[in-house]
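Structure, as structure tokens:
The values are calculated or read from the model by the stated rules, or taken from the named source; none is laboratory data. What you are looking at is a predicted structure, and each value in this text was computed from that prediction instead of being measured. Cβ placement follows ideal geometry from the backbone for every residue including glycine, while neighbour counts extend to all protein chains displayed. All accessible areas refer to the heavy atoms of the entire protein, side chains included, with ligands and DNA or RNA removed. Shrake-Rupley method; radii C 1.70, N 1.55, O 1.52, S 1.80 Å.
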Amino acid sequence: NAGVTQTPKFQVLKTGQSMTLQCAQDMNHNSMYWYRQDPGMGLRLIYYSASEGTTDKGEVPNGYNVSRLNKREFSLRLESAAPSQTSVYFCASSELGSSYNEQFFGPGTRLTVL
Amino acid sequence: AQRVTQPEKLLSVFKGAPVELKCNYSYSGSPELFWYVQYSRQRLQLLLRHISRESIKGFTADLNKGETSFHLKKPFAQEEDSAMYYCALSSASKIIFGSGTRLSIRP
């Protein structure tokens with residue numbers, strides 16, 4: 001099992017460009033998440049999908065949109081990238097309702113917006 | 001409001017010294033708390049969870065509801081413990097992370 005995979009690993013954008021970050025999991029988890037990681041700010045939740053067909057805003061949703069394409073895939077879209085969106089983006093999945101609620105993380109996407 | 005606070009951005013200790021990474025939380029109800037770790041060039045991964053009351057890699061964490069704390073402790077630090085550590089709180093359908101503490105072990 002690959003676990004949680006993310007593409008691309010690195011991306012450089014110019015201000016105003018758009019892009020989609022892809023995430024897929026093969027653990028049959030119901031819940032998926034997108035975080036951004038910034039120095040001194042830790043991990044901040046952008047959007048999450050508790051189950052297929054639902055999405056909800058997290059702590060920092062502005063400037064982003066998400067799509068839960070199916071149970072496996074959860075994409076994050078930047079419609080008009082801004083330098084403030086330079087960050088490392090992590091996707092995660094979990095099986096909520098279990099005793100442990102452990103989140104499994106992808107390897108991350110390092111995004112730079114010039 | 002539900003919140004996780006890690007007051008130290010950086011903690012540097014000598015090899016063999018005790019380690020304590022602080023975590024405080026605010027949550028109405030019975031919290032589920034975790035410690036996650038991110039080693040250099042590796043994915044973020046679960047280290048331990050309070051309900052298991054386990055010791056992983058020599059680390060332990062005790063939930064203190066009176067002080068609303070979940071500090072991570074290890075009696076003797078090892079160089080391979082150098083990493084970024086996040087305290088986290090499970091809330092409804094999501095997990096709230098603290099801002100993280102970078103632990104650096106000096107030889």
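Kindly indicate whether residue B:68 is open to solvent by 10 Å² or more (accessible area, probe 1.4 Å), within 11 Å of the chain's Cα centre (by Cα) and of a type in the set (Ser, Thr, Tyr). When the stated conditions are applied, residue B:68 does not pass them. Restricting the stretch A:11-50 to residues that are in contact (Cβ under 8 Å) with a residue 12 or more places away in the chain, surrounded by fewer than 21 Cβ atoms within 10 Å (Cβ to Cβ) and under 18 Å from residue B:84 (Cα atoms) leaves a set whose member that is farthest from the chain's Cα centre (by Cα) is A:38.
Listed by first and then second residue, the pairs with beta-carbon distance under 7 Å, at least 6 apart or on different chains, first residue in the stretch B:1-12 and basic (Lys, Arg), second part of a strand (DSSP E or B) and open to solvent by 60 Å² or more (accessible area, probe 1.4 Å), are B:9/B:102.
Can you say whether residue A:59 is more than 10 Å from chain B (Cβ to nearest Cβ), surrounded by 14 or more Cβ atoms within 10 Å (Cβ to Cβ) and more than 21 Å from residue A:107 (Cβ to Cβ), as far as the supplied structure shows? It is false that residue A:59 is more than 10 Å from chain B (Cβ to nearest Cβ), surrounded by 14 or more Cβ atoms within 10 Å (Cβ to Cβ) and more than 21 Å from residue A:107 (Cβ to Cβ). The strands (runs of 3 or more DSSP E) located wholly in the stretch A:6-74 that include 2 or more residues which are closer than 20 Å to residue B:38 by Cα and not polar (S, T, N, Q) occupy A:31-38, A:42-49.
Filtering the stretch A:85-114 to residues that are away from chain B (no Cβ under 14 Å) and either at pLDDT below 95 or part of a loop (DSSP other than H, G, I, E, B) (or both) leaves A:86, A:114. Given the structure, is residue B:55 among the hydroxyl-bearing types (Ser, Thr, Tyr), open to solvent by 40 Å² or more (accessible area, probe 1.4 Å) and without any contact (Cβ under 8 Å) to a residue 12 or more places away in the chain? Taking the combined requirement at face value, the residue satisfies it. Listed by position, the strands (runs of 3 or more DSSP E) inside the stretch B:1-87 whose residues that are at pLDDT 90 or above, within 30 Å of residue A:9 (Cα to Cα) and in contact with a Cys (Cβ under 8 Å, 6 or more places away or on another chain) number at least 2 are B:3-5, B:32-38.
Could you list, in sequence order, all residues of the stretch B:8-56 that are of a type in the set (Asp, Glu) and more than 16 Å from residue B:80 (Cα to Cα)? Scanning the stretch B:8-56 gives B:8, B:32, B:54.
Just one of the numbered conditions (1) open to solvent by less than 10 Å² (accessible area, probe 1.4 Å); (2) farther than 21 Å from residue B:91 by Cα is not true of residue A:84: (1).
Screening the stretch B:60-92 for residues that are without any contact (Cβ under 8 Å) to a residue 40 or more places away in the chain and touching a helix residue (DSSP H, G or I) at 6+ places or on another chain (Cβ under 8 Å) and picking the one that is farthest from residue B:14 (Cα to Cα) gives B:63. All conditions in (1) part of a loop (DSSP other than H, G, I, E, B); (2) farther than 14 Å from residue A:42 by Cβ; (3) open to solvent by 10 Å² or more (accessible area, probe 1.4 Å) hold for residue B:105, with the sole exception of (1). For the stretch B:1-41, taking the residues that are among the aromatic types (Phe, Trp, Tyr) and under 12 Å from the mean Cα position of the chain (by Cα), the one that is farthest from the other protein chains (Cβ to nearest Cβ) is identified as B:25.
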